[in-house]
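Worksheet for the structure shown next.
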Amino acid sequence: MGDVTQVLERLRGGEPAAAGQLFDLCYAELRGLAGAVFRSQPKGHTLAPTALVHEAYLKMVGSEGEWKDRVHFFAVAARAMRQVLINHARDKAALKRGGTGGMRVTLSGAVTPGGREADLVAVHEALEELRKLDERQGKIAELRFFAGLENKEIAEALGVSLRTVELDWKMAKETLAKHLGG
């Protein structure tokens, strides 16, 4: 059992110091995931990777979720980061419509081939449509985009075979590409 899983067990047991230890243990990896999302962003972006990690972590801890293990924790972190990014993108779009200069938030290379950027809100909407068609495919896409998990880790998190994840990911990519016009 890994360090993260052990700290999660202590957190579930009600140990107050465990939340801070969990953040310390996971910060570098969470920051790396957030950094990957922002690599394609223009300089001067109003939401930094560090802020994304902090906001997502606060959202997670505030929900008092019970995470089974490391993989489950990072899957929940992916969802929290996605929610923070979507809220930020929507706020920026609202500012833009109101006449002040907003910035477009994108997710580079998410589904579109050739490095073409996809608008984050469009990716979110495409993921929601995918989830309506196939819940598991939607979860797989979310775990790849926002948690940076590999197929083996996704299979473990979802309790399915690696082959199932590979096949579902192939179908999910096609569906998302159609929805995003790629």
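The values are calculated or read from the model by the stated rules, or taken from the named source; none is laboratory data. This one's a predicted model, so the numbers in the text were calculated from it and none came from an experiment. So basically every Cβ, Gly included, is an ideal-geometry build from the backbone, and we count neighbours across all protein chains shown.
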Could you look through the stretch 38-64, keep only residues that are part of a loop (DSSP other than H, G, I, E, B) and exposed (fewer than 13 other Cβ atoms within 10 Å of the Cβ), and pick out the one that is modelled with the highest pLDDT? ARG39
Output the number of the condition that THR164 fails; it satisfies all remaining conditions of (1) surrounded by fewer than 17 Cβ atoms within 10 Å (Cβ to Cβ); (2) modelled with pLDDT under 60; (3) of a type in the set (Ser, Thr, Tyr). (2)
Can you name the residue in the stretch 143-164 that is within 13 Å of ARG70 (Cα to Cα) and in a loop (DSSP other than H, G, I, E, B) and is also nearest to the chain's Cα centre (by Cα) among such residues? ALA147
Limited to the stretch 154-177, what total is found for residues that are in contact (Cβ under 8 Å) with a residue 40 or more places away in the chain and either under 17 Å from LEU133 (Cβ atoms) or in contact with a Lys or Arg (Cβ under 9 Å, 6 or more places away or on another chain) (or both)? 6
Given (1) within 23 Å of ALA77 (Cβ to Cβ); (2) not in a helix (DSSP H, G or I), GLY181 misses just (1)
What is the residue count in the stretch 10-31 for residues that are part of a helix (DSSP H, G or I), exposed (fewer than 15 other Cβ atoms within 10 Å of the Cβ) and not aliphatic (A, V, I, L, M)? 4
